[in-house]
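J.: Here it is: the structure, laid out below.
The values are calculated or read from the model by the stated rules, or taken from the named source; none is laboratory data. Just so it is clear, the model here is predicted, and its values are computed rather than measured. All Cβ positions, glycine included, derive from the backbone under ideal geometry; neighbour counts span all protein chains shown. With ligands, DNA and RNA removed, areas are computed over all heavy atoms of the protein, side chains included. Shrake-Rupley method; radii C 1.70, N 1.55, O 1.52, S 1.80 Å.
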Amino acid sequence: MALFIETEKEWDIEDLQYDFEDSLETDRWLDAPSEIKELFHEIEWNIIDGEHEDTSDLIHPALDADVSPRTLVAGPMATGIAEVGRRFKMDEYFLPEVMMSAKCMHSALGILKPLIVAEKSEEIGTVVVGTVQGDLHDIGKKIVAMMLEAAGFTVVDLGVTVPPEDFIAAIREHQPQIVGFSALLTTTMNMQWETIKHLQKEGMRGDVKVFVGGAPISQAWCDKIGADAYGVDALVAVEKAKACVQEYKDIKGGDPALHGAMLAVDAQRVAEQAAKLEAASG
Ligand code: B12
């Protein structure tokens, strides 16, 4: 039975701001055996330090110890790259460092993707995804694509800096139920809106459900541009995508009823988390 170890959503990024030894003091992953907790910290610091030649040497022992691939993606890999983002924002890191860390993420995902995708047991629909025109970020989009595939979707990944015309052509060719636009830059998030406008112009808005995501994206942005669903992370994206093809398959893209149904998925999630917290506290 694979080990699933949760990384709490509100973990303290200060844990990662000093050095490896300090980070070991954290309360994160208390439910993990001590050698695995240490391995998680090594993976985190491997990403922060951008030592991509060593990444696979750290991922393999975690897999050998039966840690689930999803735990690695949502845990130490996510916390490590988040600290890289903070350092970049604070001008402690520059582009070359971020590129080395991105290489570590890609190298780890290269090992984990086949394992996660192999979980696919049924075929439930098709999703076209891509990073919008002008934007080169693809780590998050790849994670979303991988989790969707594992959940039973056929995923057509158009890559990065995808112009609206290419999304339109792929929708015509693959007839997906869902199209996902990723954007990581405040300067490219507008391309999500532009791409929706292209869909409208082509009379295709009702044919497909539009999902949006990426670090600067929010529910408010999703509402403003008339997208159907916002996915804060890959897990939410999968949950909403499944609801779209199973429960809301008869509602067209662009319909306010679908938008409301997607918000209800978030509300249910918040309620479940609150219930879990209450149960844990007594
Ligand atoms: C790695 C990285 C890079 C790498 C990208 C490598 C790659 N192949 O992706 C490189 C070095 C190339 C890069 C370049 C640049 N970057 Co950069 N980069 C980052 C960094 C550190 C991490 C991004 C990441 O991978 N996060 C980890 C993943 C797992 O998270 P995620 O992408 O958010 O994805 C999750 C969710 O958002 C969601 N999701 C994502 N996509 C989708 C799609 C759908 C449909 C759904 C439902 C959900 C969803 O699910 C994902 C999984 O849970 C961020 C910092 C940050 N905090 O985001 C800066 C960041 C995005 N970059 C930034 C900048 C400024 C740049 C550059 C302009 C720098 C420069 N001067 O050239 C260039 C832009 C190049 C371009 N034209 O795109 C800024 C953007 C600021 C802004 N306001 O726009 C950030 C925020 C850093 C910062 N704090 O200042 N970058």
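Matching residues to (1) surrounded by 22 or more Cβ atoms within 10 Å (Cβ to Cβ); (2) among the basic types (Lys, Arg):
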residue: 170; (1), (2): no, no
residue: 174; (1), (2): no, no
residue: 181; (1), (2): yes, no
residue: 186; (1), (2): no, no
residue: 190; (1), (2): no, no
residue: 201; (1), (2): no, yes
residue: 211; (1), (2): yes, no
residue: 219; (1), (2): no, no
residue: 233; (1), (2): no, no
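J.: Shifting gears a bit: Determine whether the stretch 107-125 contains at least one residue that is closer than 15 Å to residue 44 by Cβ and in contact with a Leu (Cβ under 9 Å, 6 or more places away or on another chain).
T.: Yes: the stretch 107-125 contains one or more residues that are closer than 15 Å to residue 44 by Cβ and in contact with a Leu (Cβ under 9 Å, 6 or more places away or on another chain).
J.: If the Cβ limit is 7 Å and pairs must be 6+ apart or interchain, which residue in the stretch 86-97 that is under 18 Å from residue 185 (Cβ atoms) pairs with which residue that is more than 7 Å from the ligand (Cβ to nearest atom) and at pLDDT 95 or above?
T.: Pairs found: none.
J.: Looking at (1) free of Cβ contacts under 8 Å to residues at least 24 places away in the same chain; (2) not in a helix (DSSP H, G or I), find the lone condition where residue 122 falls short.
T.: Status for residue 122: all satisfied but (1).
J.: Looking only at the stretch 56-82, count every residue that is near the ligand (Cβ under 9 Å from one of its atoms) and open to solvent by less than 20 Å² (accessible area, probe 1.4 Å) and tell me the total.
T.: Taking the stretch 56-82 as the starting set, the residues that turn out to be near the ligand (Cβ under 9 Å from one of its atoms) are 73-74, 77-78, 81-82.
So of that shortlist, the ones also open to solvent by less than 20 Å² (accessible area, probe 1.4 Å) come out as 73, 77.
Going through the stretch 56-82 one residue at a time, the tally reaches 2.
J.: Here is a follow-up. Tally the residues that are touching a Ser or Thr at 6+ places or on another chain (Cβ under 9 Å), within 12 Å of the ligand (Cβ to nearest atom) and of a type in the set (A, V, I, L, M, F, W, C), restricting the search to the stretch 89-122.
T.: The total comes to 3.
J.: Here's a check for you: in the stretch 249-261, which residue that is open to solvent by less than 50 Å² (accessible area, probe 1.4 Å) and outside any helix (DSSP H, G or I) is farthest from the ligand (Cβ to nearest atom)?
T.: 251
J.: Now for a different question. Can you list the strands (runs of 3 or more DSSP E) found entirely within the stretch 138-217 that contain at least 1 residues being under 25 Å from residue 120 (Cα atoms) and near the ligand (Cβ under 8 Å from one of its atoms)?
T.: On the way: elements: 153-157, 178-182, 209-213.
Here the list reads 178-182, 209-213.
J.: Hey, another quick one. Quick check on residue 90: is it surrounded by fewer than 18 Cβ atoms within 10 Å (Cβ to Cβ), out of contact with any strand residue (DSSP E or B) (no Cβ under 6 Å at 6 or more places or on another chain) and modelled with pLDDT under 95? Give the steps one after another, and end with the answer.
T.: On the way: surrounded by fewer than 18 Cβ atoms within 10 Å (Cβ to Cβ): yes; out of contact with any strand residue (DSSP E or B) (no Cβ under 6 Å at 6 or more places or on another chain): yes; modelled with pLDDT under 95: yes.
Taking the combined requirement at face value, the residue satisfies it.
J.: Consider only pairs whose beta carbons are under 6 Å apart and that are at least six residues apart or on different chains; among these, list those whose first residue lies in the stretch 212-236 and is assigned by TED's automatic domain parsing to the domain that holds residue 191 and whose second residue is of a type outside the set (A, V, I, L, M, F, W, C) and in a loop (DSSP other than H, G, I, E, B).
T.: Going by the 6 Å Cβ cut-off, the qualifying pairs are 213/231; 216/186; 228/253.
J.: Being touching a Phe, Trp or Tyr at 6+ places or on another chain (Cβ under 9 Å) and either among the aliphatic types (A, V, I, L, M) or more than 7 Å from the ligand (Cβ to nearest atom) (or both) is the filter here, so list the residues in the stretch 231-243 that pass it.
T.: In the first step, residues of the stretch 231-243 are kept if they are touching a Phe, Trp or Tyr at 6+ places or on another chain (Cβ under 9 Å); the result is 231, 236-238, 240-242.
Result: 236, 237, 238, 240, 241, 242.
J.: Regarding the stretch 106-115, can at least one residue be identified that is in contact with a Phe, Trp or Tyr (Cβ under 9 Å, 6 or more places away or on another chain) and either in the same structural domain as residue 215 (by TED's automatic domain parsing) or small (Gly, Ala, Ser) (or both)?
T.: As a first pass, look at the stretch 106-115 and keep what is in contact with a Phe, Trp or Tyr (Cβ under 9 Å, 6 or more places away or on another chain): none.
No, the stretch 106-115 contains no residue that is in contact with a Phe, Trp or Tyr (Cβ under 9 Å, 6 or more places away or on another chain) and either in the same structural domain as residue 215 (by TED's automatic domain parsing) or small (Gly, Ala, Ser) (or both).
J.: Going by what's in this entry, would residue 131 be described as open to solvent by less than 10 Å² (accessible area, probe 1.4 Å), in the same structural domain as residue 245 (by TED's automatic domain parsing) and modelled with pLDDT of 95 or more? If you could, list the steps in order and put the result at the bottom.
T.: Details: open to solvent by less than 10 Å² (accessible area, probe 1.4 Å): yes; in the same structural domain as residue 245 (by TED's automatic domain parsing): yes; modelled with pLDDT of 95 or more: yes.
Criteria met by residue 131.
J.: Assuming residue 130 fulfils every condition listed in (1) more than 26 Å from residue 49 (Cα to Cα); (2) more than 7 Å from the ligand (Cβ to nearest atom); (3) part of a loop (DSSP other than H, G, I, E, B) apart from one, which condition is it?
T.: So the condition that residue 130 fails would be (3).
J.: Quick check: anything in the stretch 2-9 without any contact (Cβ under 8 Å) to a residue 60 or more places away in the chain and buried (at least 21 other Cβ atoms within 10 Å of the Cβ)?
T.: no
J.: Still on this structure, please answer the following. Give the residues of the stretch 21-38 that are surrounded by 12 or more Cβ atoms within 10 Å (Cβ to Cβ) and aliphatic (A, V, I, L, M), sorted by residue number.
T.: First pass over the stretch 21-38, keeping only residues surrounded by 12 or more Cβ atoms within 10 Å (Cβ to Cβ): 22-24, 26, 28-29, 32-33, 36-38.
Correct list: 24, 32, 36.
J.: Where the second residue is part of a helix (DSSP H, G or I) and the first is acidic (Asp, Glu) and lies in the stretch 24-42, which pairs have Cβ atoms under 7 Å and are six or more apart or on separate chains?
T.: Within 7 Å, the pairs are 42/58.
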